[in-house]
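The values are calculated or read from the model by the stated rules, or taken from the named source; none is laboratory data. Remember, it's a predicted structure, so these values are computed and weren't measured experimentally. Virtual Cβ from ideal backbone geometry, glycine too; neighbours counted across all protein chains shown.
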Amino acid sequence: MSSPNVLDPSIEAIRTEILALEDRRYDAVVDGDFDVFASLCHPDLTYSHSDGSRDTTDSYLRKCREKFYVYHRIDHPVTQVLVHGDTVVVVGEMNGSITANGVVKELANNSIAVWIRHEDAWKLLAYQPTPRR
């Protein structure tokens, strides 16, 4: 069985779409547009944090809306976008400035985001940051 051709136009189109969705989800939390963020999430989302805690879509959105998490700045360079059928894994970084439960923090994380096709749209299924320092 051969690997998908990196130059396959359909694979490249998926990569382009996923990168745009990654921009959109990060912009949404920085802008406080949690309805946009929610629209990008799979109902079974597992959202991990760099402190090891985890949230569901509902618990994460509740914390964001109640300002437990306030995102001031995020940059998210991407190293790889791995496309395998209806699953995409985005490997990269999440660096930012946030306030978490009233404490200002600078984040420097490696990260993995998993997107899947769900009801004819790409949805974020899982997110895992790992502190680099």
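Confirm whether VAL114 is within 13 Å of the chain's Cα centre (by Cα) and in a strand (DSSP E or B).
Numbers: within 13 Å of the chain's Cα centre (by Cα): yes; in a strand (DSSP E or B): yes.
So VAL114 passes the test.
Does segment 56-74 include one or more residues that are in contact with a Leu (Cβ under 8 Å, 6 or more places away or on another chain) and more than 16 Å from LEU21 (Cβ to Cβ)?
yes
Which ones in segment 87-133 are among the aliphatic types (A, V, I, L, M), in contact with a strand residue (DSSP E or B) (Cβ under 9 Å, 6 or more places away or on another chain) and more than 18 Å from THR56 (Cα to Cα)?
Step one: filter segment 87-133 for residues among the aliphatic types (A, V, I, L, M), giving 88-91, 94, 98, 100, 103-104, 107-108, 112-114, 116, 121, 124-126.
Filter again for in contact with a strand residue (DSSP E or B) (Cβ under 9 Å, 6 or more places away or on another chain), leaving 88-91, 94, 98, 100, 104, 107-108, 112-114, 116, 124-126.
Correct list: VAL88, VAL89, VAL90, VAL91, MET94, ILE98, VAL104, LEU107, ALA108.
Residues to consider are ASP44, ASP27, ASP51, ASP35; find the one that is more than 26 Å from ASP120 (Cα to Cα) and surrounded by fewer than 18 Cβ atoms within 10 Å (Cβ to Cβ).
On the way: ASP44 fails: more than 26 Å from ASP120 (Cα to Cα); ASP27 fails: more than 26 Å from ASP120 (Cα to Cα); ASP35 fails: more than 26 Å from ASP120 (Cα to Cα).
Within the list ASP44, ASP27, ASP51, ASP35, the selection yields ASP51.
I'm checking my understanding of the structure. Among residues of segment 88-111 that are within 14 Å of the chain's Cα centre (by Cα) and polar (S, T, N, Q), which one is surrounded by the most Cβ atoms within 10 Å (Cβ to Cβ)?
First pass over segment 88-111, keeping only residues within 14 Å of the chain's Cα centre (by Cα): 88-96, 109-111.
Remaining after also requiring polar (S, T, N, Q): 95, 109-111.
Numbers: ASN95: 18, ASN109: 19, ASN110: 16, SER111: 23.
Ranking the qualifying residues of segment 88-111, first place goes to SER111.
Residues that are closer than 19 Å to PRO129 by Cβ, out of contact with any Ser or Thr (no Cβ under 9 Å at 6 or more places or on another chain) and at pLDDT 95 or above: which strands (runs of 3 or more DSSP E) entirely in segment 1-86 hold 2 or more of them? Lay out the reasoning, then the answer.
Values: elements: 41-48, 69-75, 78-84.
Where strands (runs of 3 or more DSSP E) fall fully within segment 1-86 and carry at least 2 residues being closer than 19 Å to PRO129 by Cβ, out of contact with any Ser or Thr (no Cβ under 9 Å at 6 or more places or on another chain) and at pLDDT 95 or above, they are 78-84.
Given the criteria over 15 Å from the mean Cα position of the chain (by Cα) and over 22 Å from ASN95 (Cβ atoms), does ASP44 qualify?
no
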